[in-house]
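In what follows, a single structure is set out as C-alpha cells and then discussed.
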Amino acid sequence: MTDTIRELYDRAAEVTAGPGSQDAMGPGSYDAARRLFAEHEGLRTPEVVTSFAPFNGPSEVTLRASGSSIVSA
C-alpha cells in the first residue's frame, strides 16, 4: 500500500468515525464523508459488484450506469 493510499484511507476513517471518537467531525460529517467519497475514485464502490445471495447464487449487480457521478443534495 502506498503512502498516498494510506493517507486517503486514514482521512476516510477520520471522517466516518462514529460519535465519541476523538476524530469524529461531529455535525456535518455525513456531508464531509459524501464529498470525500465522491471526489476520490479509490473510495467509490465499483459500478458492478458480485452479489452472493444465498438462495439465488452469485450474480453481477449494476449499481450505477457507466460514467455516472454522485449528485450533491
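Read the figures in this text as sums done on the coordinates, not as results from a lab. Quick caveat, the model's predicted, so the values are computed rather than measured. We place every Cβ from the backbone using ideal geometry, glycine too, and count neighbours over all the protein chains shown.
Details
- Pairwise label distance in nanometres, Glu39 with Leu63, each label 7 Å out on the Cα-Cβ vector: 2.0 nm
- Gain upon complete extension [Phe55, Ala12; 0.36 nm per residue less C-alpha separation]: 12.1 nm
- Relative packing of peptides 7-14, 45-52 - highest average C-beta neighbours within 10 Å first: 7-14, 45-52
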